[in-house]
Amino acid sequence: MTQWEVRMSNSRRVPYFYNAETKEAVWDPPAGLSKQEIKALPGAELLSGGGGASGQVKASHLLVKHSGSRRPASWKEANITRSKEEAIDILKGYQAEIGDSGEKFGELAKVHSDCSSHEKNGDLGWFGRGQMQKPFEDATFALEVGEISDIISIFALIATFSYWSLKPSTFRLASSPITNTNMATIASIEQEQNELKEAMEAATKGVPLPYADRLDKPNFGYGNIKVSKLLVHPIKNDRKWAIIDATKHVVITARDVAKMVLITPKVEVDEDSPYGGVLRISFPQDSGCDEFVIPLRPTEDILKAWSLINDIQLWDDLDLDGYICDTLPSMPSASGRSVSSILSAYFEKPVHLVYKGARPRQCDPTSQFPSLKATAVYQDGYPLLVLSEENVKAVEKELRRHVGTQGIEERWATDEIVVERFRPNIVIQGAGPFEEDYWEEICIGRDVSSALNHAGILLVSKCARCLLPNVSPETGIRDKAVPFKVLMKFRTGIIPDDKWKPCVGCNGVPRSEGMISVGDVVVVRKMIV
């Protein structure tokens with residue numbers, strides 16, 4: 001007789017499976033149990049509620065529109081011309097590929113669904129009766145948890161899944177027991193050990209920590225971790241500069257215009273300059289666009305001369321401010337054209353280069369830091385992205401196993417993935433692949449002592465990946481499969497709130513200003529327990 005039962009997580013309010021005999025706790029249904037056996041487990045009624053209100057279900061779908069749809073257009077195609085029969089044939093192909101795999105369902109929905117829910121792997125969230133079209137509603141409410149429907153009359157595949165997080169949802173921060181007791185910020189080893197013991201006991205019931213045997217070791221048992229690369233992306237919406245649509249004032253990224261990655265910004269620091277140096281922008285030789293130079297840090301007098309706009313849109317932020325950059329008389333382009341004119345020629349539509357205004361842009365709180373108080377400028381969401389160099393080799397290793405399948409070309413049997421595809425700011429080496437998944441705070445310095453004197457960088461969330469890393473930073477060409485389809489095979493289930501998003505690297509928030517150099521030592525100050 002099985003010893004498994006279903007319990008409810010008090011912190012996340014989602015069900016998990018607990019084995020009373022082995023004390024093991026897992027979020028996904030235990031291997032070897034049939035659907036009927038799962039339904040018969042003690043507490044199985046919790047599976048039908050999940051996290052929605054009474055009478056609600058949570059479903060995902062994969063939508064393929066046709067020319068007879070109410071609105072024959074989507075995020076992928078401005079004008080859909082396929083017939084109803086062709087749409088059904090396409091869905092049958094997906095259906096055969098999916099089988100009963102929820103992971104594959106999410107992967108295909110991400111790439112192929114004509115619904116805006118593709119961004120969430122087809123996840124429609126919680127809904128009740130009367131909120132969806134009747135055929136969809138009937139099919140959804142008739143499914144068991146984890147079951148996938150047949151093609152239904154509105155031409156969508158749907159499936160209900162339980163979205164349980166794969167990691168403990170109750171976190172504490174454990175300070176690393178550094179052996180250098182001369183540091184004023186480090187408590188005694190005995191005190192640290194007691195705190196670690198308490199943290200272990202307070203961790204989510206029965207969920208083993210992968211590094212539990214290292215919690216009492218200096219630097220959590222990590223060896224020599226160093227900064228191997230530092231990368232900045234000044235105008236590719238990573239810092240204080242961004243390119244926007246001149247009419248709509250929407251920030252443009254390489255997701256929208258792949259050849260944007262071929263623009264080369266070069267920071268030339270000159271502290272004797274009133275601007276702190278210059279930002280030199282150059283383009284591919286065959287583009288016909290002039291190189292131009294702008295102030296690295298525009299002075300107040302310069303900003304007063306530039307036009308300020310207050311309705312710049314970046315993701316869900318609709319009211320960001322920014323100054324439209326104009327060419328300075330002292331820094332003319334070779335042709336005399338303005339910055340906006342040169343960039344508009346490259347983008348083949350009217351655009352502006354803008355410099356972030358003074359109004360703060362608040363970062364979203366995260367599950368690890370629900371009370372996060374931090375600001376960003378034109379980055380996607382957070383000031384920094386930290387990534388282990390070994391991650392790339394792990395992705396390559398997984399990639400080699402799938403060459404020749406799912407659109408992965410034969411050239412990937414030998415071609416390498418460069419870390420620049422993932423657009424990190426701080427690349428580290430020495431910890432091992434994806435070890436940053438377990439870190440809450442790191443500190444960086446010339447050596448261990450100086451690192452511990454620095455305020456550190458909080459790793460506030462995992463970095464969910466879109467299709468942008470598929471764009472080659474060398475050619476600007478988007479690969480149809482790599483690395484996104486590879487990541488979907490082994491890097492999902494990392495984000496507690498959205499297990500279907502593949503993740504590589506961690507979003508970081510610096511606790512203060514400081515200087516980081518290649519070769520600096522990285523100390524893991526706090527880990528998730």
Checklist entry - In this structure, is residue 110 at pLDDT 85 or above, touching a helix residue (DSSP H, G or I) at 6+ places or on another chain (Cβ under 9 Å) and under 20 Å from residue 496 (Cα atoms)? => result yes
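Condition check ((1) touching a strand residue (DSSP E or B) at 6+ places or on another chain (Cβ under 8 Å); (2) among the small types (Gly, Ala, Ser); (3) modelled with pLDDT of 95 or more; (4) open to solvent by less than 20 Å² (accessible area, probe 1.4 Å)) across all residues:
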{"site": "262", "(1), (2), (3), (4)": "no, no, no, no"}
{"site": "295", "(1), (2), (3), (4)": "yes, no, no, yes"}
{"site": "308", "(1), (2), (3), (4)": "yes, no, yes, no"}
{"site": "319", "(1), (2), (3), (4)": "yes, no, no, no"}
{"site": "323", "(1), (2), (3), (4)": "yes, no, yes, no"}
{"site": "347", "(1), (2), (3), (4)": "yes, no, yes, yes"}
Checklist entry - From the list 474, 420, which residue is farther than 29 Å from residue 223 by Cβ and either part of a helix (DSSP H, G or I) or acidic (Asp, Glu) (or both)? => result 474
Checklist entry - Out of all the residues in segment 425-440, is one or more in a helix (DSSP H, G or I) and crowded, with 21+ Cβ neighbours inside 10 Å? => result yes
Checklist outcome for this item: When every residue in segment 481-494 that is assigned to a loop (DSSP other than H, G, I, E, B) and open to solvent by 10 Å² or more (accessible area, probe 1.4 Å) is compared, the one nearest to residue 413 (Cα to Cα) is 491
Checklist entry - Which one is farthest from residue 429 (Cα to Cα) among residues in segment 240-260 that are open to solvent by 50 Å² or more (accessible area, probe 1.4 Å) and out of contact with any strand residue (DSSP E or B) (no Cβ under 8 Å at 6 or more places or on another chain)? => result 247
Item to check | Of all residues making up segment 84-109, the number that are open to solvent by 30 Å² or more (accessible area, probe 1.4 Å), in contact (Cβ under 8 Å) with a residue 12 or more places away in the chain and closer than 16 Å to residue 63 by Cβ | outcome: 7
Checklist outcome for this item: Residues of segment 238-271 being assigned to a loop (DSSP other than H, G, I, E, B) and among the hydroxyl-bearing types (Ser, Thr, Tyr), in sequence order, are 247, 253
Checklist entry - Out of all the residues in segment 231-238, is one or more modelled with pLDDT of 90 or more and not hydrophobic (A, V, I, L, M, F, W, C)? => result no
Checklist entry - Name the pairs: first residue in segment 213-232 and touching a residue at least 24 places away in the same chain (Cβ under 8 Å) and among the basic types (Lys, Arg), second residue surrounded by fewer than 15 Cβ atoms within 10 Å (Cβ to Cβ) and part of a loop (DSSP other than H, G, I, E, B), Cβ to Cβ under 8 Å, at least 6 apart or on different chains? => result 226/519; 229/518
Checklist outcome for this item: residue 154 fails exactly one of (1) surrounded by 14 or more Cβ atoms within 10 Å (Cβ to Cβ); (2) out of contact with any Lys or Arg (no Cβ under 8 Å at 6 or more places or on another chain); (3) modelled with pLDDT under 75; (4) under 27 Å from residue 46 (Cα atoms), namely (4)
Next on the checklist: Of everything in segment 495-518, what is crowded, with 20+ Cβ neighbours inside 10 Å, over 23 Å from residue 443 (Cα atoms) and either touching a residue at least 60 places away in the same chain (Cβ under 8 Å) or among the β-branched types (Val, Ile, Thr) (or both)? Give them in sequence order.
Outcome noted: 495, 496, 499, 500, 501
Checklist entry - Is it true that some residue in segment 443-454 is of a type in the set (Lys, Arg) and touching a strand residue (DSSP E or B) at 6+ places or on another chain (Cβ under 8 Å)? => result yes
Item to check | Among residues of segment 70-83, those that are crowded, with 17+ Cβ neighbours inside 10 Å and free of Cβ contacts under 8 Å to residues at least 40 places away in the same chain, counted | outcome: 2
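The values are calculated or read from the model by the stated rules, or taken from the named source; none is laboratory data. All of these numbers come straight from a predicted model, not from anything done at the bench. Don't worry about glycine lacking a Cβ; one is built from the backbone with ideal geometry, like all the others, and counts go over all protein chains shown. SASA here: full protein model, heavy atoms, side chains in, ligands and nucleic acids out. Shrake-Rupley method; radii C 1.70, N 1.55, O 1.52, S 1.80 Å.
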